[in-house]
Amino acid sequence: MPELEFPNQLNNFLTFCNLRNSAIESKSLDLQLSSWFYPTTLLPLGAFIKEKREQIKYIPPANQNVANYLSLVTGDLKAENEGKTYIPIINLPPKSLESESGKLLGQIFKFYNNGKEYGGENAFKYLISELVDNIYQHSEFKNAFLMAQRYEKKGFMEICFFDDGITISGSFSKHGMVFEDSDAILEAINGLSTKGKERGFGLGSNLKVFTQGLPGEMLIVSGKGAAFFKANEPTKLYILQDKYKLEGTLISVRIPYPVKEVDIYEFI
Amino acid sequence: MNSFNNKIIIKEKVSENLALRDLASSFFDKIEKNEIRQVIIDFKGIKSISRSFAQEYLYRKANSRKNITETNIPENVEKMFEIINEPEKRTQIIDMRTVKVICV
């Protein structure tokens, strides 16, 4: 029987799970042999390190370049980093300080030239605004983060959003709508909202912009469910074992780079 | 927000990027506290607007007892407002019958 081939973003998420599980078991996060991290691994891993800092020993990568990269992306957003290929892991302000997010989003947009090479200003800002707004509206997070990395030779940018909140199915179930984790992702994409029928457009419209308007890819992981979307391919829905469960929600988007402007109003 | 001036430059009160729903809500909370009945929202310098912000803005405007109008609305903001005001055209994005389910 041929081995199932998973999309890269899902493999990168599973890499995070394996590192996390091994660290919990051994009380040591050993990255000595690690040589490469995509945001889909690194963002939840950074959140995990932050949460378990006191309980787990951290052994950095032996490769100095990789170790330096990890230090950079887990550092602060600094003005002098503008125009660099990455946005470091950024903590979103808590819900009580949401008004500060406006300034933070402005900085992020500026870092990537307002998204002009990532489908245009409207598309890039729409993606980040709606996904961050979803986190504030639905997730009830304690911690929420985003990060991005541009890969010029590979021709894409990967941007990830992670929150440690109640998951998509958890948000539905609080309002009496009970779904399995994986089904809840599809319901959210199709526009089901806990807040009325005029709401619930953010996730699905972004999916359309970035997989139909642009040849991008999107992975959503929430609880024990995951879904992968790519233009002209059937949606893949994953039911995850306990060992791959995520406490929260992770969204990873690969945007081709550089890519021409897309008219988002055709898709939203 | 100056209670003697009925023109409010939204960029100065929120941001040049109108991103988050709750920011639209708190913007309107401040307008509602203002005693002026006629309010002009000036969109000069606005670079982007999310659907969530636009939806909340129009919802709060429709439910306000003040007479609120806009000026200097950029094309992208205008388009977003039009989309929100269109009759609902929600379509199913994922056809559940074509979804491939895989256990990992």
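Need the full-extension length gain, A:Lys57 to A:Glu152, defined as separation in residues times 0.36 nm minus the C-alpha distance. One decimal, nm. List each step's numbers first, then the result.
On the way: separation 95, 0.36 × 95 = 34.20 nm, distance 3.37 nm.
Full-extension gain reported as 30.8 nm.
Gain in length, A:Trp36 to A:Thr85, computed as 0.36 nm per residue apart minus the alpha-carbon separation, to one decimal in nm?
Details: separation 49, 0.36 × 49 = 17.64 nm, distance 1.52 nm.
Contour length minus the Cα-Cα distance gives 16.1 nm.
Based on Cβ point charges of +1 for Lys and Arg and -1 for Asp and Glu, what charge dipole magnitude is obtained for the stretch A:69-204 about its Cα centre, in debye rounded to the nearest 20? Kindly include the intermediate steps, with their values, before the conclusion.
On the way: 15 positive and 19 negative charges, 64 e Å.
Here the stretch A:69-204 has a charge dipole of around 300 debye.
Taking 8 Å as the Cα distance limit and 6 or more residues as the minimum spacing, I'd like the relative contact order of the stretch A:138-214 as a percentage. Show your work: numbers first, answer last.
On the way: 80 pairs, mean separation 16.1, N = 77.
Once divided by the residue count of the stretch A:138-214, the mean separation gives 21 percent.
Hey, what did chain B get for relative contact order, percent, Cα under 8 Å, at least 6 apart?
Details: 131 pairs, mean separation 29.2, N = 104.
It rounds to 28 percent for chain B.
Kindly state, to the nearest 0.05, the FRET efficiency for B:Ser26 paired with A:Tyr265, given R0 = 25 Å and r defined as their beta-carbon distance.
Values: r = 27 Å, r/R0 = 1.07.
Taking R0 as 25 Å, the efficiency between B:Ser26 and A:Tyr265 is 0.40.
Can you pull out the trypsin sites (Lys or Arg not before Pro) in the stretch B:1-81 whose DSSP state is coil and whose Cβ has at most 16 other Cβ atoms within 10 Å? Intermediate values should be presented prior to the final figure.
Numbers: sites: B:Lys7, B:Lys11, B:Lys13, B:Arg21, B:Lys30, B:Lys33, B:Arg37, B:Lys44, B:Lys47, B:Arg51, B:Arg60, B:Lys61, B:Arg65, B:Lys66, B:Lys79; in loops: B:Arg37, B:Lys44, B:Lys47, B:Arg65, B:Lys66.
Answer in residue order: B:Arg37, B:Lys44, B:Arg65, B:Lys66.
Of A:Leu42, A:Ser28, A:Leu127, whose Cα points farthest to the positive end of the dipole of the stretch A:2-132 (charges on the beta-carbon: +1 Lys, Arg; -1 Asp, Glu; origin at the Cα centre)?
A:Ser28
Across peptide B:91-100, what mean number of C-beta atoms from other chains lies inside 10 Å of a residue's C-beta? Let's see the in-between values first.
Details: counts 4, 5, 14, 12, 4, 6, 0, 2, 8, 7.
Counting Cβ atoms of other protein chains within 10 Å of each residue's Cβ and averaging gives 6.
Let me know the charge dipole size of the protein assembly as shown about its Cα centre in debye, to the nearest 20, where only the beta-carbon of Lys, Arg (+1) and Asp, Glu (-1) is charged.
440
For B:Glu16, put the label point 7 Å out on the Cα→Cβ axis and report which residues of the stretch B:47-64 keep their amide N under 15 Å from it.
What the label zone holds, given the 15 Å backbone N cut-off, is B:47-49.
Within the stretch A:75-204, how many Lys pairs that are eight or more residues apart, or on different chains, come under 19 Å at the alpha-carbon?
19
In whole Å, what is the distance between the alpha-carbon centres of the stretch A:5-52 and the stretch B:36-74?
The stretch A:5-52 and the stretch B:36-74 have Cα centres spaced 44 Å from each other.
I need the peptides A:188-200, A:107-119 ranked by packing, meaning the mean over residues of other C-beta atoms within 10 angstrom, with the highest value on top. Intermediate results must be reported in sequence, preceding the final value.
Values: A:188-200: 17.1, A:107-119: 19.5.
Ranked by mean Cβ neighbours within 10 Å, highest first: A:107-119, A:188-200.
Normalised by the residues of the stretch A:84-266, what does the relative contact order come to in percent, with Cα pairs under 8 Å and at least six apart? Spell out each step's value before the answer.
Working: 354 pairs, mean separation 45.8, N = 183.
Reported as a whole number, the value is 25 percent.
For n ≥ 4 DSSP H runs only, could you compute -39500 (n - 2.57) per run for the protein assembly as shown, divide by its residues and tell me the 222 nm figure to the nearest 500? Could the numbers behind the result be given before it?
Working: 12 runs with 130 residues, N = 372.
It lands at -10500 deg cm²/dmol.
At what distance in angstrom do the alpha carbon centres of the stretch A:81-152 and the stretch A:169-198 lie from each other?
About 24 Å separates the Cα centre of the stretch A:81-152 from the one of the stretch A:169-198.
Can you spot the lysines whose alpha carbon is less than 21 Å from B:Lys33's alpha carbon? Ignore those fewer than 8 places along the same chain.
The qualifying lysines are B:Lys7, B:Lys11, B:Lys13, B:Lys61, B:Lys66.
Could you name the lysines whose alpha carbon sits less than 22 Å from that of A:Lys236, not counting residues in the same chain fewer than 8 places away?
Partners within reach: A:Lys208, A:Lys224, A:Lys245, B:Lys100.
Expressed in whole Å with the largest first, what are the equivalent ellipsoid semi-axes of chain B derived from the C-alpha gyration tensor as the square root of 5 times each eigenvalue?
Values: eigenvalues 232, 39, 37 Å².
For chain B, the ellipsoid semi-axes come out as 34, 14, 14 Å.
None of the figures in this text is laboratory data; all of them are computed from the coordinates on show. Because the structure is predicted, anything quoted here is derived from the model rather than measured. Every residue, glycine as well, gets a Cβ built from its backbone with ideal geometry; the counts of neighbours run over all protein chains shown.
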